[in-house]
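*Asks:* Encoded as structure tokens, here's the structure I'll be asking about.
The values are calculated or read from the model by the stated rules, or taken from the named source; none is laboratory data. Predicted, not measured: the structure shown is a model, and the values here were computed from it. Note that each Cβ is placed from the backbone with ideal geometry, even for glycine, and that neighbours are counted across all protein chains shown. Ligands, DNA and RNA are excluded from the accessible area calculation, which covers all protein heavy atoms including side chains. Shrake-Rupley method; radii C 1.70, N 1.55, O 1.52, S 1.80 Å.
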Amino acid sequence: QVQLVESGGGSVQPGGSLRLSCVASVNIFRFYAMGWYRQAPGKQRELVAAVTLVGKTTYPDSVKGRFTISRDNARNTVYLQMNSLKPEDTAVYYCAASSQFTSAPAAYAYWGRGTQVTVSS
């Protein structure tokens, strides 16, 4: 059974940084793409970063230049480094795994339970 467990969320002031981690219960070589999504209250779940097995990445314009995704296949772990955080980054952040490199949530077969990120002064 595949389990993804996120950690690293918390409260931070605007301009601050957080590093999220996602540890998988299986070898993440199984998944071509690993992604981080977020969902704020009343909003749809959106992709904030994805990375392929060979390190290709994608980000929406809203986080480009501030967020960095990386994967450590040997540790079955995916990271999301978030810098210059803004109040609009406040959301629950989810780790997900897919056989496709896509932004569509439906293509991600496995999801973690999420970790809360709150950006507020």
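*Asks:* If I histogram all Cα-Cα distances within the chain using bins 10 Å wide from 0, what percent of pairs lands in each bin?
*Replies:* Once binned at 10 Å, the Cα pair distances of the chain give 15, 51, 29, 5, 0.
*Asks:* Moving on to the next point. Residue farthest toward the positive end of the dipole of the chain, with Cβ of Lys/Arg at +1 and Asp/Glu at -1: which of Q44, T57, S11?
*Replies:* Working it through, the farthest residue towards the positive pole turns out to be T57.
*Asks:* Can I ask one more? So if I restrict to the alpha-carbon atoms in the stretch 1-59, what is the Rg, and what is Dmax, the biggest pairwise distance, in Å?
*Replies:* 13.4, 38
*Asks:* Another question, if that's okay. Quick one: P(r) of the stretch 58-102 from all Cα-Cα pairs, 5 Å bins, percents rounded to integers, in order of increasing distance.
*Replies:* For the stretch 58-102, the binned pair fractions read 5, 15, 26, 28, 16, 8, 1 percent.
*Asks:* While we're on this one: For S121 and S70, compute 0.36 nm times the residue count separating them, minus their Cα-Cα distance, and round to one decimal in nm. Mind dumping the intermediate values first?
*Replies:* Numbers: separation 51, 0.36 × 51 = 18.36 nm, distance 2.82 nm.
Full extension of this stretch gives 15.5 nm more.
*Asks:* Also: Magnitude of the Cβ-charge dipole of the chain, K/R +1 and D/E -1, about the Cα centre, nearest 20 debye?
*Replies:* Details: 12 positive and 6 negative charges, 25 e Å.
Rounded to the nearest 20 debye, it is 120 debye.
*Asks:* Net charge near A104, counting Lys/Arg +1 and Asp/Glu -1 over other residues with Cβ under 14 Å of its Cβ?
*Replies:* Working: positive: R45; negative: E46.
Summing Lys/Arg as +1 and Asp/Glu as -1 gives 0.
*Asks:* Okay, moving on. Under a 10 Å cutoff between Cα atoms, tell me which one of S70, S62, S84 has the largest fluctuation in the Gaussian network model of the chain.
*Replies:* Looking only at S70, S62, S84, the largest GNM fluctuation is found for S62.
*Asks:* While we're on this one: Any idea of the accessible area per residue across the stretch 1-71, 1.4 Å probe, to the nearest Å²? Working shown, then result.
*Replies:* Values: 3780 Å² over 71 residues.
Using a 1.4 Å probe on heavy atoms only, each residue of the stretch 1-71 averages 53 Å².
*Asks:* Running a GNM on the chain with Cα contacts under 10 Å, which residue among V12, V26, V54 ends up with the highest mean-square fluctuation?
*Replies:* V54
*Asks:* Add +1 for every Lys or Arg and -1 for every Asp or Glu among the other residues with Cβ under 14 Å from the Cβ of G35, and state the total.
*Replies:* On the way: positive: R38, R45, K56, R71; negative: E6, E46.
Local net charge: +2.
*Asks:* Could you check which residue among A91, A104, A50 shows the biggest mean-square fluctuation in a GNM of the chain with a 10 Å Cα cutoff?
*Replies:* A104
*Asks:* Follow-up question, since we're still on this one. How far apart, in nm, are the 7 Å Cα→Cβ label points at T102 and Y32?
*Replies:* In this crude spin-label approximation the distance works out to 1.0 nm.
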